[in-house]
There are 2 protein chains.
Amino acid sequence: MPLLLLKDLPRYECLLESAKEFPDLDPSAAEAYLHLLRAGDDAFAVAERNLDEHGISQGRFCVLMLLWRSVQPRAATLLGAEGCADGPRTPAELAEGANVTRATMTGLIDTLERDGFVKREPDPVDRRMMSVRLTAKAESFLRDFLPGHFRTTSKLMSALSESERKTLVRLLNKISTQAAAMAGGPATPPVPRPARHT
Amino acid sequence: MPLLLLKDLPRYECLLESAKEFPDLDPSAAEAYLHLLRAGDDAFAVAERNLDEHGISQGRFCVLMLLWRSVQPRAATLLGAEGCADGPRTPAELAEGANVTRATMTGLIDTLERDGFVKREPDPVDRRMMSVRLTAKAESFLRDFLPGHFRTTSKLMSALSESERKTLVRLLNKISTQAAAMAGGPATPPVPRPARHT
DNA sequence: CAATTATCGTTAGTGCCCTAACTGTCTGCC
DNA sequence: GGCAGACAGTTAGGGCACTAACGATAATTG
């Protein structure tokens, strides 16, 4: 359960009523927003149960998948890395790819190394850097774990037809695009922080 | 940022290729799953920035909204509580409504009380229980904060038309239903009433 | 009534995420 | 060469989520 959320979402009629009190409340927008978070949470919780049973968290799984791209030269491009430099990767690169801070990545690598999934090695050229590599244990773990993980996501999405999946992805992409526009401000001037109202 | 996720999702063609190596991988299912988590995360991040700027987290906001149902007798049913007993609420009820453990709720109430948003009072009847009430500070905070929050979600969903929103909610509900079926055990939920779940 | 059982809230310990600040190393510019 | 700035990784401290266990209280039951 990644994010704390109301157990029972308000019904649509309730949103309509609340909109009388709050003119800024757009009932259908709020409904879509709440259901998006709810469905994402539900889907994630199902997948997370798989992970938990194998003693691995979403964050750790993400790191393993990123490192796996390096191990699998022919799968590297297949899994989506385009500027894929194979070979070991640094904590900073991993943090970038996993969308967390370097400090967080340090903690993740700490526990992964403690549990024998990865290995730190100093970079011989640049002594500031470390190289992180998967161990054989991690590779065999992934080969055992991934099929079940894929079956879980397949079953989860079995409720949707092929065309429904396409529609869903298209709508979700619209939301992500809008979120990116609201978050970073693609046309933000060199000012580091956006000084304008949202 | 609630959950750690790959920054760049694999492209669909990459999933198709990976499916050759992993027969269990259903490309369109994996694509839908990843985009769902991504969009949910993006949408949540936008809303969370609003919250952060007001020094409040999603969890704390959730608690305040639950308590607010009690404060607003006419809004109580409107916001979706059906068996809504008005008046103060106990940590156990709040934990149930927010979908967290009682221990987590203790921590949330701790910080909310420290910051002056809620107040604990011992229940005069049952000395095991506590009553949690919103302070005036919290009520005025919500009245200031909610309009902006609603505008944010409206803007986020402005990328979708009314009919697209309906479609999205319908598809998301299918996923949530399927997730519930997968989470609650393969066979049956043996509890018609939420009495004893252990 | 006394003993068992259940419930409530809390505490202790762990994990993962963040920000801020620090150490060590490399780079660029004089 | 030497030094300011940039960069990599870590550490320290806080917040929020979990589980497991505890003391206090209430409810149930023999």
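The values are calculated or read from the model by the stated rules, or taken from the named source; none is laboratory data. Please read these numbers as outputs of a predicted model, since none were measured by experiment. With ideal geometry, Cβ positions are generated from the backbone for all residues, glycine too; neighbour counts draw on all protein chains shown. With ligands, DNA and RNA removed, areas are computed over all heavy atoms of the protein, side chains included. Shrake-Rupley method; radii C 1.70, N 1.55, O 1.52, S 1.80 Å.
A few remarks follow.
- Of residues in the stretch B:93-105 being in contact with a Pro (Cβ under 9 Å, 6 or more places away or on another chain) and over 23 Å from B:Glu48 (Cβ atoms), the one nearest to DNA strand D (Cβ to nearest atom): B:Arg102
- Among the residues of the stretch B:124-133, those identified as within 7 Å of DNA strand C (Cβ to nearest atom) and either touching a strand residue (DSSP E or B) at 6+ places or on another chain (Cβ under 8 Å) or within 14 Å of chain A (Cβ to nearest Cβ) (or both) are B:Met129, B:Met130.
Yes/no per residue for (1) of a type in the set (D, E, K, R); (2) open to solvent by 20 Å² or more (accessible area, probe 1.4 Å); (3) within 16 Å of DNA strand D (Cβ to nearest atom):
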| residue | (1), (2), (3) |
| --- | --- |
| B:Val125 | no, yes, yes |
| B:Met130 | no, yes, yes |
| B:Ala136 | no, yes, no |
| B:Arg143 | yes, yes, no |
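- Residue match in the stretch A:71-85 (condition: within 11 Å of another protein chain (Cβ to nearest Cβ), at pLDDT 50 or above and either open to solvent by 30 Å² or more (accessible area, probe 1.4 Å) or closer than 18 Å to B:Arg11 by Cβ (or both)): yes
- Checking each residue in the stretch B:145-157 for being facing chain A (nearest Cβ under 7 Å) and surrounded by fewer than 17 Cβ atoms within 10 Å (Cβ to Cβ) picks out only B:Pro147.
- Restricting A:Leu168, A:Leu112, A:Leu108, A:Leu156 to residues that are assigned to a helix (DSSP H, G or I) and at pLDDT 95 or above narrows the list to A:Leu168.
- All positions within the stretch A:92-110 that are open to solvent by 80 Å² or more (accessible area, probe 1.4 Å) and more than 8 Å from DNA strand C (Cβ to nearest atom): A:Glu93, A:Glu96
Every residue, every condition in (1) facing chain B (nearest Cβ under 7 Å); (2) closer than 20 Å to B:Gln58 by Cα, yes or no:
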residue: A:Glu17; (1), (2): yes, no
residue: A:Lys20; (1), (2): no, no
residue: A:Leu25; (1), (2): yes, yes
residue: A:Tyr33; (1), (2): yes, yes
residue: A:Leu37; (1), (2): yes, yes
residue: A:Ala45; (1), (2): yes, yes
residue: A:Leu51; (1), (2): no, no
residue: A:His54; (1), (2): no, no
